[in-house]
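Colleague: Before I ask anything, here is the structure I am working with.
Just so it is clear, none of the values below were taken in a lab; they were calculated from the coordinates. Being a predicted model, the structure only gives us computed values, none of them experimental. Cβ: placed from backbone, ideal geometry, glycine included. Neighbour counts: every protein chain shown.
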Amino acid sequence: MDYTMEDTQNHAPGTATMHEAAKLNVSVRRQDTHSVTKRLQTELMQLMMSTTPGISAFPNNPENLLLWTATISGPDETPYAGLTFKLSFDFPSTYPYAAPTVLFKTPIYHPNVDFSGRICLDILKDKWSAVYNVQTVLLSLQSLLGEPNNASPLNGEAAGLWDADKPEFQRQVLARHQDIEED
């Protein structure tokens, strides 16, 4: 005889049984995923209609809108001028209330990016707000290329060269950069 069945007779009125709660959680998760997907579809349309030069982003797979590949062009009059960088966006199921995980896939020499592509940018950490979107993140990263935050470097050597020796910094940028192939 199976005694593992839930006792539905003795639970408090107005509370869900374990089985009902499990069904509700699945429904809530589906609804959360649906709202994230809807938000990302809207953002994708905004990006496609945007005339903002030097940035783009698209889902890796139309069946999974939580993983995107983006590109930014290095701003003119910076050590990154003429270079293009690929980034990955990994959106959590709680987006836009939690920031996406954004990584540089193209190798980059920058004070606020480590050699694994991790980025130190306040809006991707403690200053994240649900009003931000893919476009604002890309524009912030493009701006960061020309105006690093040397007070909070992930790459101390790059921060030092940025301040002390711009020609050597430029050489390091060009030496580190390499175009990566499409996946």
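Colleague: How large is ³J(HN,Hα) for each residue in segment 160-168, as worked out from phi by the Karplus curve 6.51 cos²θ - 1.76 cosθ + 1.60 (θ = phi - 60°), to whole Hz, x for Gly and Pro?
Modeller: Once rounded to whole Hz, the list reads x, 5, 4, 7, 9, 8, 4, x, 5.
Colleague: Report Rg(Cα)/(2.2 N^0.38 Å) for segment 30-183, keeping two decimals. Mind dumping the intermediate values first?
Modeller: Details: Rg = 15.8 Å, N = 154, 2.2 N^0.38 = 14.9 Å.
Relative to the 2.2 N^0.38 Å estimate, segment 30-183 comes out at 1.06.
Colleague: Going by average Cβ neighbours within 10 Å, how do the peptides 121-127, 68-74 rank, with the highest at the top?
Modeller: On the way: 121-127: 13.0, 68-74: 19.9.
Output ranking for 121-127, 68-74: 68-74, 121-127.
Colleague: Quick check: pseudo-label points 7 Å beyond the Cα along Cα→Cβ at Glu168 and Ala130, how many nm apart are they?
Modeller: Between Glu168 and Ala130, the simple spin-label model gives 4.8 nm.
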